[in-house]
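Read the structure below first, then the notes.
FYI, it's all coordinate maths here, none of it is from the lab. Quantities reported herein were computed from a predicted structural model and do not represent experimental measurements. Note that we place each Cβ from the backbone using ideal geometry, even for glycine, and neighbour counts take in every protein chain shown.
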Amino acid sequence: MNPSPAVTAPVQQGGVQDVAAAARRVVDAIVRAGDAIAAQSGDLATALHGVADRIDLAAPPLAERMTTMWLPVDSRLHNPVNGLENPLAPPLEITEGADGDVAGSVTLGLPYQGPPGHVHGGISALLLDHVLGLANIRAGNSGMTARLALTYHRPLPLFEELSVTGRQASVDGRKIHATGTISADGHVAVSAEGLFVRPRAEPGR
Ligand SMILES: CCCCCCCCCCCCCCCC(=O)SCCNC(=O)CCNC(=O)[C@H](O)C(C)(C)COP(=O)(O)OP(=O)(O)OC[C@H]1O[C@@H](n2cnc3c(N)ncnc32)[C@H](O)[C@@H]1OP(=O)(O)O
C-alpha cells in the first residue's frame, strides 16, 4: 500500500513563513486596537503601504506566480487554511493523520469573530471544507467540493484550542463522501458532511 501523501509542509524559520506570521500579527493587532489607533491611522497606513510596495516590487508577474506556485501540484504552503506562507491562513496546525484521517488544531482570535466571542460560521465552513479535502487526499481519492452540509450544534469559542477532524467515509465512482467535526473542550460544535466529485479526465488525457 502506498504511504498517505503528506498534507503539511515543514515549518521553516527565517523565510516567507516568518513574513506571513508577522502579517497575521498585524491583522490581529488592527482588529484588537480598533479606534485606539485612529489618531495614528495616517502614519500606520503609510507604513503598511510601504511594506506592501516593497513586497510588490520583489514579486514576479502574477501569471508566472500562478504557474510556479503549483509546481509541483501542491498547495501545502499557500492554501488559506494551513498554508504557513499565506497570512490569511489562521493557520490550522495538522497534528495527526492516522488511517487516512486528518486532525488539526487551531486557536482563533478576533479577526475570525462572528457572534460576540465566537467564531464566524463561514470560517468553520472553510476549516471543514479544507480538512475533509485533505482527508480525501490522504485516502488517495480526491475531488472538488460539490456540496458541503454543516450543522452548527453550539457556538464555537474564540481564544480556545479547537480540534478539527476529517475522514473519508465512502467512494462511489467519481463521488466521494467525507465527514468531519470541529470540537471545543471535547464537545462537537460543528459537524460536516461533504460530497466531493473527482473531475472527469480532460479529453485526450
Ligand atoms: C482534484 C483535486 C486537486 C487537488 C490539488 C491539490 C489541492 C490541495 C487542496 C487541499 C484540499 C482543498 C479542499 C478544498 C476543495 C475546494 O474548495 S474545491 C472549490 C469549490 N468547489 C468548486 O469550485 C466546484 C465547482 N463545481 C464543479 O466544478 C463541478 O460541478 C463538479 C463538482 C466538478 C462536478 O461536475 P461534473 O464532474 O460535471 O459532475 P457531474 O458529471 O454532473 O456529476 C457527477 C455526479 O456527482 C453528482 N453531483 C455533482 N454535483 C453535485 C452537487 N452539487 N450536489 C449533489 N450531487 C452532485 C451528480 O449528480 C452526479 O451523480 P451521479 O449521476 O453520477 O450519481
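Here are the numbers for the structure shown:
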| read-out | value |
| --- | --- |
| The chain, helix-only ellipticity at 222 nm - DSSP H runs n ≥ 4, -39,500 (n - 2.57), divided by all residues, nearest 500 | -10000 deg cm²/dmol |
| Region 138-149 - phi-based ³J(HN,Hα) in whole Hz, Karplus 6.51/-1.76/1.60, Gly and Pro as x | 4, 6, x, 8, 10, x, 7, 5, 9, 8, 9, 9 |
| Selection from THR46, GLY194, LEU162 lying farthest towards where the dipole of the chain points positive, charges on Cβ | GLY194 |
| Cut-off 17 Å, label 7 Å out along Cα→Cβ of ILE37, residues of region 107-127 by amide N | 109-113 |
| Unit Cα scatterers, Debye sum, the chain: log10 I(q)/I(0) for q = 0.08 Å⁻¹ | -0.33 |
| The chain - charge dipole about Cα centre, Lys and Arg +1 at Cβ, Asp and Glu -1, debye rounded to 20 | 660 |
| Label-point gap, in nm, between SER170 and GLN13 - each point 7 angstrom along Cα→Cβ | 4.9 |
